[in-house]
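Everything on this sheet refers to the single structure shown next.
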Amino acid sequence: MLKQHLQQKLLQKLSPQQIQFIKLLQVPTVALDTRIKEELEENPALEDPSLMIAEEPKSEYDDLNDAPEDFDASAKEENTDEFNVDDYLQDDNVNDYSTSYNNEDDEEKKETPIAIESTFFESLQEQLDLVPLSDQDFIIGKQIIGSLDDDGYLRRPITSMIDDLAFSQNAMVEEEDVLEMLKVIQSFDPPGIAARDLQECLTLQLRRKDLSNPIIQKAIIIVENYLDEFTRKHYDKLEKALGLNSEDLKEIIAEILRLNPKPGDSNQVTTKQLQVIPDFHVSNNDGTLILTLNSKNAPELRVSRSYIDMFDHYDKAAQKDKKLKEAVQFVKQKLDSAKWFIDAIKQRQQTLLKTMNAIMQYQYEYLLTGDERKMRPMILKDIADKIDMDISTVSRVANSKYVQTEFGTFLLKSFFSEAIQTESGEEVSNKEVKKILEDCIGNEDKRKPLADEKLTEILKEQGYNIARRTVAKYREQMNIPVARLRKEL
């Protein structure tokens, strides 16, 4: 049975301007310049004076400002041939900033040398080309190379590759054919390539070494039969099973650790890493901290004067035909978009400064000295309340922005930490506890590493009354393995 009823709901919808601001807030400084250039290319009503020619050419529309008020855009047919709205708007996209930008790019392309390197897959293909093979085997070899992951492993099942060859290459092959070609590919460089798991990868590399060496022989036995014990560092079990003393085992382990667990990565063409450009600079001026915003975050953008004049002229026209109305709508949309973008950039700039200034005041002692013990407990809500903004806004800034200090460049997120209460009732940052844990583990005897229980006792002796599970959590957050895995012979 269907029923009709009224229901009130309170919904929060973000405006296009708010969405644009949120997206811009998350953009790092290094990518902001690219984002602005994209907007400049898309919107001819937006201009960057730094990209303009010093002396702007006379506007094509200057003489039209003197037109009489009763000017009729569609009155004379002969004028239509001389002045076409669509042509003008199309030509306007190619203006000073666009031309200047393109020229600069051309110069950069000429001056910047490009390194030509073979990719990991191209290198394998080149090796395959040198092997005398039948047409079918060559097709299988290409299929295997194409099925490898970036780290050099073959994780695709053999049966799936057989199906791929049947459907895409019309090649009917047997499993034995694929396995035979897999052995050929596994003989290529780098050693360990096309392995189906870590065990096979390490074994392939060891079998390329001097097999008459007893160390290599024992290493192969450990990898093929005792890999689980090896990864868990159950060295006593390995010594007992293989009849080894600790010195011999130490040599074997060193040999295994020299192997490459990801052979594909070693031959990959490295992509240009995203350069970290600090959004803020905090400097110490005789005991007073001074905050500055990276100038790249405050570009000088403006709305095109010619577009404003164009809109005023179109809007004041006595009569508007369909084409002129479309032109007015187009120009207005571009002008509004330019204003929104400029406002969003300014709002981004103000939000960044406001947030970082609050963080700097909160962590003043730490930023003054660089001593992690001076870092105060601080959560997102503390800063959000201080600047009267939403926690999500502070989170976006903290997760994507960097500050350069006299002690290094840090992600703002690193200044936030939970509070821990000492025996005296004082609240300290968990960063202080992590620093103590790091020092304890760094100075421990690696033959008898400190267990979490022992680390908990050390912290309690220093006045930090925290549970063992909390110690384990902090250790994991610092990417430090458990005591057994830190053990060395």
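Quick note: the coordinates plus some simple rules give every number you see, no bench work behind them. Bear in mind the structure is a predicted one, so any value in this text is a computation, not a measurement. Positions of Cβ are generated from backbone atoms using ideal geometry, with glycine treated the same way; all protein chains shown enter the neighbour counts.
Below are the figures for this structure:
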{"quantity": "Estimated distance in nm for a label pair at Glu251 and Ala451, the labels positioned 7 Å out from Cα along Cα-to-Cβ", "calculated": "3.4"}
{"quantity": "Relative contact order (%) - region 154-215, alpha-carbon pairs under 8 angstrom, separation at least six", "calculated": "25"}
{"quantity": "Calculated FRET efficiency for the pair Asp388/Lys296, C-beta based, R₀ 35 Å, to 0.05", "calculated": "0.85"}
{"quantity": "Charge dipole (debye, nearest 20) of region 280-432; +1 at Cβ of Lys and Arg, -1 at Cβ of Asp and Glu", "calculated": "1240"}
{"quantity": "Residue (of Ala358, Phe407, Ile436) at the positive-pole extreme of region 358-461, dipole from beta-carbon charges", "calculated": "Phe407"}
{"quantity": "Distance (nanometres) between label positions extended 7 Å along Cα→Cβ at Asp164 and Lys473", "calculated": "4.4"}
{"quantity": "Relative contact order, percent, region 445-489 [alpha-carbon distance under 8 Å, six or more residues apart]", "calculated": "58"}
{"quantity": "By average C-beta atoms within 10 angstrom, highest first, the peptides 289-299, 344-354", "calculated": "344-354, 289-299"}
{"quantity": "Rounded FRET efficiency, nearest 0.05, which uses the C-beta distance separating Asp371 from Leu227 and R0 of 45 Å", "calculated": "0.50"}
{"quantity": "Separation of alpha-carbon centers, region 437-476 and region 195-253, rounded to whole Å", "calculated": "31"}
{"quantity": "By average C-beta atoms within 10 angstrom, highest first, the peptides 216-222, 366-372", "calculated": "216-222, 366-372"}
{"quantity": "FRET efficiency, 1/(1 + (r/R0)^6) with R0 22 Å, evaluated for Glu418 and Lys460 via beta carbons", "calculated": "0.75"}
{"quantity": "Relative contact order (%) - region 351-489, alpha-carbon pairs under 8 angstrom, separation at least six", "calculated": "19"}
{"quantity": "Distance in nm between pseudo-label sites at Asp236 and Asp439 (7 Å out along the Cβ direction from Cα)", "calculated": "3.3"}
